[in-house]
1. Karplus couplings for the range 72-86 from phi (6.51 cos²θ - 1.76 cosθ + 1.60, θ = phi - 60°), rounded to Hz, Gly and Pro as x?
2. Multiplying the sequence separation of R52 and Y92 by 0.36 nm and subtracting their Cα-Cα distance, what value in nm do you get?
3. Just how large is the dipole of the range 21-93 about the Cα centre, in debye to the nearest 20, putting +1 at every Lys and Arg Cβ and -1 at every Asp and Glu Cβ?
4. With r defined as the distance between the Cβ atoms of S44 and A23 and R0 fixed at 35 Å, what FRET efficiency is calculated, to the nearest 0.05?
5. For the range 28-98, evaluate the Debye formula with one uniform point scatterer on each Cα (no solvent term) and list log10 I(q)/I(0) at q = 0.23, 0.24, 0.28 Å⁻¹, rounded to two decimals.
Amino acid sequence: MKRLAVMLLVPAMLAACGPMTLAEAERQCFERARLAKQPRGEVSVGAGSGGRTSAGIELSVSSDFLLGKDPAAVYESCVMQKTGEPPSRPLYMRPDWR
């Protein structure tokens, strides 16, 4: 019985490790390219009942930004690494790139 379970489980686990779709890779790599262009951040301030206040800051800085890498090159190499094929269109041709 254990052998049957292993025979069924191993292929399922290996399938999860397979290459991702081009669309998923482009989505993930687009975010990486955005961080290569400039850091992203968020500041929050709040006040609650009883006079309690809170504040916070979140800052995301990538090593690609710190190294001065071209976001388009980061995007293309990221997609190639994840899928083995180039992006469907260059980063600067995407309508959501600003």
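Just so you know, all these numbers are worked out from the coordinates, no wet-lab data involved. Fair warning: this is a prediction, and the values are worked out from it, not measured in the lab. Positions of Cβ are backbone-derived with ideal geometry, glycine not excepted, and every protein chain shown enters the neighbour counts.
1. Once θ is set to phi - 60°, the couplings for the range 72-86 become 5, 5, 4, 4, 5, 5, 5, 5, 4, 5, 7, 10, x, 9, x Hz.
2. 9.8 nm
3. Here the range 21-93 has a charge dipole of around 180 debye.
4. 0.60
5. The Debye formula, applied to the Cα set alone, gives -0.97, -1.03, -1.21.
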